[in-house]
Amino acid sequence: WSSALSLSLWLGLATVGLVGLATPGSVAAQSADQRIEQMIEKAETQYGNLELKAAERTLEDAIQASQSADVSSSVVARAHVMMGVIRYGATRSKDKARSSFQKAIERDRDASLPSAYKTPTLSSLMEELKADLPEQQPSTSSSDDQGSSRQVDAFTHEPITSAQAGESLRVEAFAPADMPVADVYMFFKRYDQSTYKQQAELEPADATRFTAEIDGNRIYTSQISYYLEAVDRTGDVIARSGTSSDPHSMTVLGASDFDPDKAASAKGSDGEQGGTPQTPPPDDRRDDEPASSGGRDVAYLGLAAGTGVGFLPGGTPTANPTSTDRINPGLAPAFAHVLLDVGGMITPSSHLGIYARWQFSPTQNFDAIRQRHPDLADQYRGLTGGECLGTGLSGDCTLGIKYRWFFTQNSNVEAFSSIGAGVGRLRHWLRLRQREDSAFCQNNNKEIVQNPNGPAFCYRRDTVRPGWMHIGVGTGFVWHASDVVSLYGEGYLQILFPDTGLNLDFNVGPMFRF
């Protein structure tokens, strides 16, 4: 009996010991799940109060905490689903929502949208992702993920040298666990773009790895340049791989189904790119996200010098409107001018601006002309008759509006066509004949030219001023020396009326983009 009692006591103590050993782990797991669920509920409350940035940070903390604790897959999946909801609400970016939903179903293939957040767009994204699931969900410890968390001493990225057109692209970067990285962004452009207008965000996959899936509709054309930036919570860049001036270069192999001409017909029922998009997603950058150093240009300023040549069908001499010397149709120079061109960019291909052109020309005393010819005095006054749009400044001026369309683009050179209209006068130089016995020839000691077909004469310099309105067409190029400074040249043909004339300007100078 004594032996049996001793054996029972030992068995009881062993059972209590085993229960005591098992309980802390279960309680810890339950506590970790509860802690993450509380953070998700907090994020939902913040999202309901339109505190979108705070909600996103709460979920980032929750996902980060789940990597160092034993948290059930369903809870982690719920956090990723809510992250997708919040990021779509903040940016209207399907890519961001899809990326988060993908992480959710990788953790739990039964992950679903809470009924309170179901919309046609988000439900469609989730259904598409689940439809692509294999028969059996790969294990989270598959060979693709094994060893992905590795020890690194600095921010690193293995440059991608090639990609297949139309196929999604995975991008990876690694950062030390103790580096205060809040976000990692990829900025990229195709060969036909001058600035880095496209962006993707790399999500944390574990303690040191960041990944992103670039949608296949963004992967087309023969070459893509890109670079990565890691930023802290304040938005300051703390690490880079490549730069806007020295980017990584990726060759795109093959061809995609992208057709720019079908972009307008590729809208879904919710007003966004639906089904299989026919155009790459737009720049997804939020106002609170860091801008790349090659950000979107919105304005330009050009300062050019040039000269011109015109064709005159006839006309009235400016200084000697009663001259009997006939002005025959022909070419006449329109000597040097400067041009100020300022405008904005409606799209990367469409620019609209205003220009002011001031032409150097010999000073003429308009007051004296009006006194000599009082019956013509009104033709030499005001906006349409006086020098430089009636300002009295020496020379002649034009003001106008011009639209430019860039029909070819690459990383360095863009070609464009232009059309415009405006007001003002141009001045074409010519020489008139004055009889030898005229006061002008005699008083100004001019050289006398013998004329076998008529009276001897001397030459008198004068001008013809066609205008005061014009329309114009042109073509030119912009060569980008940097993201801000460019060199542009343009040929611009103007048709002037009601005092008729044609003028072809050639302009070249620097252009600054902002």
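The values are calculated or read from the model by the stated rules, or taken from the named source; none is laboratory data. If you're wondering where the values come from, they're calculated on a predicted model, not measured in any experiment. For neighbour counting, all protein chains shown are included, and Cβ atoms are generated from backbone atoms with ideal geometry for every residue, glycine included. Areas reflect the complete protein model, heavy atoms only, side chains present, ligands, DNA and RNA absent. Shrake-Rupley method; radii C 1.70, N 1.55, O 1.52, S 1.80 Å.
So here's what we get for this one:
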read-out	value
Failed criterion for residue 152 (all others in (1) surrounded by fewer than 16 Cβ atoms within 10 Å (Cβ to Cβ); (2) assigned to a loop (DSSP other than H, G, I, E, B); (3) at pLDDT 80 or above hold)	(3)
Subset of segment 320-338 that is within 21 Å of residue 458 (Cα to Cα), touching a residue at least 24 places away in the same chain (Cβ under 8 Å) and not in a loop (DSSP other than H, G, I, E, B) - its residue that is least open to solvent (accessible area, probe 1.4 Å)	332
Residue identified as farther than 25 Å from residue 360 by Cα and touching a Ser or Thr at 6+ places or on another chain (Cβ under 9 Å) among 417, 438	417
Residues within segment 90-137 that are assigned to a helix (DSSP H, G or I), open to solvent by 50 Å² or more (accessible area, probe 1.4 Å), modelled with pLDDT under 85 and of a type in the set (S, T, N, Q), tallied	1
Strands (runs of 3 or more DSSP E) within segment 421-514 that include 3 or more residues open to solvent by less than 10 Å² (accessible area, probe 1.4 Å)	457-464, 467-480, 485-499, 501-513
Residue count, segment 174-184 (criterion: more than 14 Å from residue 152 (Cα to Cα), touching a residue at least 60 places away in the same chain (Cβ under 8 Å) and buried (at least 21 other Cβ atoms within 10 Å of the Cβ))	0
Members of segment 373-402 that are modelled with pLDDT of 75 or more, assigned to a helix (DSSP H, G or I) and exposed (fewer than 14 other Cβ atoms within 10 Å of the Cβ)	374
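Each row is one residue, and each column tells you yes or no for (1) outside any strand (DSSP E or B); (2) within 20 Å of residue 88 (Cβ to Cβ).
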residue	(1), (2)
207	yes, no
211	no, yes
217	yes, yes
220	yes, no
225	no, no
229	no, no
238	no, no
246	yes, no
